[in-house]
Every structure is written in structure tokens, then in C-alpha cells.
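Heads up, the thing below is written out as C-alpha cells.
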Amino acid sequence: MVSKSKKPHFGHESMHTHSQSIEAAVVERSKATAAHILETKGHDVVSVRPKDSIHKVTEVMKEHGIGSVIVKDQNGHMVGILTERDIVRGFADEPDNTFDEIAEDLMTRDVVTATPETPLLVLLHSMSEGRFRHIPVLDGEHIAGLVSIGDVVKFRLRELEYEALKLKQMIVG
Ligand code: AMP
């Protein structure tokens, strides 16, 4: 199960309900879970330390071509998540000082996580409700991987292509 901790705010309740029903319709037949997504994506998770500067974090994100990092303490425990959105917000608030701030200044501490068994539909709903695009997958204490909205869409597209191929084979014989 996804552990939810953020209270989402929706400006357009009807739009939200509409998009949720589309998501549900698209994925309701999928049996896919977070573990399936990580099987194709891999289990690597890029992390930084709480005292790393935002300048260093941007270099890490650039080097790996990613938009989020997990923040881990010296014992390897996750203490937060920091994404490009936090950094943009930091620059909007403090244009002159943000590069010198540190990861723990801007990270989100209350991280919503999933397990390998979490269904793809639940991952999508959590991202949609919480308005974020990344979910770390925890296998017990261990971080088994990180699923982004892009990973979910990519996986689902492959499923749809496979389903279309199967249908075509049924028709052609
Ligand atoms: P994102 O859309 O993932 O770039 O994140 C938008 C905001 O949500 C940022 O403030 C992130 O720190 C935060 N955030 C991202 N992923 C999570 C998560 N799994 N749990 C809680 N907050 C998150």
C-alpha cells in the first residue's frame, strides 16, 4: 500500500474527478505493480546527503539526467525527497542564496512511498492526488527503486502496444 501523508488541495474538483476516471479506465485491467516497473527500469536510486549544497544537487541531477533525488542520512536512511520543483521554488523565493542552501532546507520530509506490490493504478492515483511525480519503492527498510510518472506512462504504453498486437494476432489468426 502507498502510505499517504500529504493533504492534497484541488482547485477544480470536477476536473480532478474526470482525470481520475480516465486513469482508472486506462489502467483498470492492468495487473502491473511497482515491482514490474522496476524490473524494466532498474533499481538504481540516486541520493544526496542532507548537508549537500543545492549547487551540488543540481550537478548530480544534471549528471544523471534526473529530476529528483532521495536525501539519505549517514546511516543510509531516507530523510526526504528533493525535486527540481523544490529547487525552482527555492530560486523564486531566494534568487541570490539558493545555490548555497542545503538539501535539507528545501526537501520534502514527509515522503509518500510504495511497496513492490503496489498496483500501478494506486501509484498513479497517489501521484495525481499528492501532485508529485516521484514515488520511492520500499522493500522493508530497503529502497528498492524510484518510480516516476514518466516510468508509469512508458510502462503502460508498452502494455497497450502488447495488447494491440495480441488483438491483431487474434483477428489475423
Ligand atoms: P515532483 O512533481 O515529483 O517534482 O514534486 C513536487 C513536490 O512534491 C516537491 O515539493 C517534492 O519534494 C514533493 N514530492 C515529490 N515526490 C514526493 C513523494 N513521493 N512524497 C511526498 N512528496 C513528494
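Just the number, please: Stokes-Einstein D of region 113-173 in µm²/s, Kirkwood Rh from C-alpha pairs, 20 °C, 1.002 mPa s. Write out the running numbers ahead of the final one.
Values: Rh = 13.1 Å.
It comes out at roughly 164 µm²/s.
Just the accessible area per residue of region 32-172, please: how many Å² with a 1.4 Å probe?
Values: 8040 Å² over 141 residues.
Result: 57 Å² per residue.
Counting only residues 5 or more places away or on other chains, whose amide H sits under 5 Å from the amide H of V79 once H atoms are built in the peptide plane?
Here V71, K72, D73 satisfy the definition.
T58 to E117: FRET efficiency via 1/(1 + (r/R0)^6), r the Cβ-Cβ distance, R0 45 Å, to the nearest 0.05?
Details: r = 34 Å, r/R0 = 0.76.
So the FRET efficiency works out to roughly 0.85.
So in region 32-172, what percent of DSSP beta bridges are antiparallel if you round to the nearest 5?
Details: 14 of 17 bridges.
For region 32-172, the DSSP antiparallel bridge percentage is about 80.
Between R131 and E163, what is 0.36 nm times their sequence separation minus the Cα-Cα distance? Round to one decimal in nm. Let's see the in-between values first.
Working: separation 32, 0.36 × 32 = 11.52 nm, distance 2.93 nm.
Length gained between R131 and E163: 8.6 nm.
How long is the gain from R109 to H77 if the chain were fully straight, where each residue apart is worth 0.36 nm and the alpha carbon distance is subtracted? Walk me through the numbers on the way to the answer.
On the way: separation 32, 0.36 × 32 = 11.52 nm, distance 1.20 nm.
Length difference between fully extended and current span is 10.3 nm.
Taking the Cα centre as origin and putting +1 on Lys and Arg beta-carbons and -1 on Asp and Glu beta-carbons, what dipole magnitude results for region 32-172, to the nearest 20 debye?
On the way: 16 positive and 24 negative charges, 136 e Å.
I would put it at about 660 debye.
The values are calculated or read from the model by the stated rules, or taken from the named source; none is laboratory data. Everything numeric in this text was worked out from a predicted model, so none of it was measured. Cβ coordinates were reconstructed from backbone atoms using ideal geometry, including for glycine residues, and neighbour counts include every protein chain displayed. Note: accessible area is taken over every heavy atom of the protein model, side chains too, but ligands, DNA and RNA are not part of it. Shrake-Rupley method; radii C 1.70, N 1.55, O 1.52, S 1.80 Å.
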